[in-house]
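The values are calculated or read from the model by the stated rules, or taken from the named source; none is laboratory data. Note that the coordinates shown come from a computational prediction; the quantities given were computed from them, not determined experimentally. Please note: Cβ atoms are built from the backbone with ideal geometry, for glycine as well, and neighbour counts cover all protein chains shown. Just so you know, the surface numbers come from the protein's heavy atoms only, side chains and all, with ligands and any DNA or RNA stripped out. Shrake-Rupley method; radii C 1.70, N 1.55, O 1.52, S 1.80 Å.
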Amino acid sequence: MANSGGGIIVYGVTESQRSAAARTDVGVLDEKHERALRAAAINAITPPVFGLEVLRIGEHPKRAVVVEVPASLDGPHLIYRGEYFGAPIRNDADTVWMREPQIEAMYRARFDERRHSTETLDTLYAEAARGRDADRRAWLIAVAHPRSPRFFPKLNYASASEVFENAHLLGREFTGQTGYHPLESADTEGPRPGLRRWVAPSKKAAGWKQAWASVHQSGSVTLATPVGGHPFEMDAGGKLMHRQGFEIESSAFECTVADFMGLVRAGAQVTGNHEYDLRIGIEWTVNQRLSILRVDQRGVSFDDPARLHGFTLVERSVDAAASERTYADYVYEVARDCLNQGEILEPRMIDPPPAAWR
């Protein structure tokens, strides 16, 4: 079904001449059975099928289970049997095996989709980075786009506000309620309409405490905030002392990644999307190497901070509808990818998932 645009499987219906004839009870769908269904879609199929929806319908004596298989852009999905593999496809009530021309066409469609996804991320990133004072302080730009957008009912003021507020709460959860989070500086309670999107503008027009966030009708989300030039202590006169624009504390990375990943998950929940492509980068236009400062329990350590000629874009795909455990793993891994570029081994504020989760 994933190879033919998705579909629905109903357990609890008897058939006669390939047509539904009557209801029948399928018993209790417990957690073990549900996990087995999801595991089959991930472990028995290559590439995996994410975003499976499993729904319970009715009560005894006519309990049914509906499994919704989403449309996939990663086709052809293959089934392996030892050294052999095949690509099944649904044809009305039958399942048949694809021929070589069909497989070729599906691979071509997959590559075209990846190129389109890259172009979409390019556009989102350029829009989010436009107009930032990257000559004064380093900015973190983060964008995400659903690989197969589901155009649910149009986002309105209430649903956009829900996305931003939930994102703020999730960001706090990921870091244990500590640190400065950029969404605190965005007007998440009063989003404004934009071109097929809602925007949470920054409450301040200048300075280090700025943030712009957006959620699009397609489910795409963006976040832009300065991560360089944050304050670190007060001088003798009680005035805040700020770091240089090229100096980025590791805590700024962690809090911003946490808020961004919260925005992705909150946007997916409201728009009904699942798999997202992410991109995170740093915009800094001055000919001065970036410094990522280690932050530990005692504060900032200046012991030989990393000096970067540039920041490599962090890109990956995540299932925004995954379980809390799996998504927490995504958050940790994305933050770690950012910090590793500054020779920092792992996040401090975002807890690593227990070994049993991996």
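Below is a table of values for the structure above.
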| quantity | calculated |
| --- | --- |
| P153 vs. criteria over 23 Å from A335 (Cα atoms) and open to solvent by 60 Å² or more (accessible area, probe 1.4 Å) | yes |
| Residue within region 148-158 that is more than 23 Å from the chain's Cα centre (by Cα) and free of Cβ contacts under 8 Å to residues at least 12 places away in the same chain present | no |
| Scan of region 318-353 for residues that are acidic (D, E) and outside any loop (DSSP other than H, G, I, E, B), ordered by number | D319, E324, D329, E333, D337 |
| Tabulated pairs, region 88-100, first modelled with pLDDT under 90, second of a type outside the set (D, E, K, R) and assigned to a strand (DSSP E or B), C-beta under 7 angstrom, 6+ apart or interchain | R90/G7; T95/P88 |
| In region 57-68, the residues that are in contact with a strand residue (DSSP E or B) (Cβ under 6 Å, 6 or more places away or on another chain) and over 14 Å from A321 (Cβ atoms) | I57, G58, K62, A64, V65, V66, V67 |
| Exclusive hit being in a strand (DSSP E or B), among the aliphatic types (A, V, I, L, M) and either open to solvent by less than 50 Å² (accessible area, probe 1.4 Å) or more than 29 Å from A109 (Cβ to Cβ) (or both), set A20, A39 | A20 |
| Wholly enclosed strands (runs of 3 or more DSSP E) of region 48-106 bearing at least 2 residues touching a helix residue (DSSP H, G or I) at 6+ places or on another chain (Cβ under 9 Å), among the hydrophobic types (A, V, I, L, M, F, W, C) and open to solvent by less than 20 Å² (accessible area, probe 1.4 Å) | 64-69 |
| First in region 108-119 and farther than 19 Å from R279 by Cα, second anywhere and at pLDDT below 85 and surrounded by 14 or more Cβ atoms within 10 Å (Cβ to Cβ), Cβ under 9 Å, 6 or more apart | A109/L73; R110/L73; R110/D74 |
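For (1) out of contact with any His (no Cβ under 6 Å at 6 or more places or on another chain); (2) over 26 Å from G245 (Cα atoms); (3) open to solvent by less than 30 Å² (accessible area, probe 1.4 Å); (4) in a helix (DSSP H, G or I), each residue gets a yes or a no:
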{"position": "R108", "(1), (2), (3), (4)": "yes, yes, no, yes"}
{"position": "S117", "(1), (2), (3), (4)": "yes, yes, yes, yes"}
{"position": "H145", "(1), (2), (3), (4)": "yes, yes, yes, no"}
{"position": "S159", "(1), (2), (3), (4)": "yes, yes, yes, yes"}
{"position": "H168", "(1), (2), (3), (4)": "yes, no, no, yes"}
{"position": "L183", "(1), (2), (3), (4)": "no, no, yes, yes"}
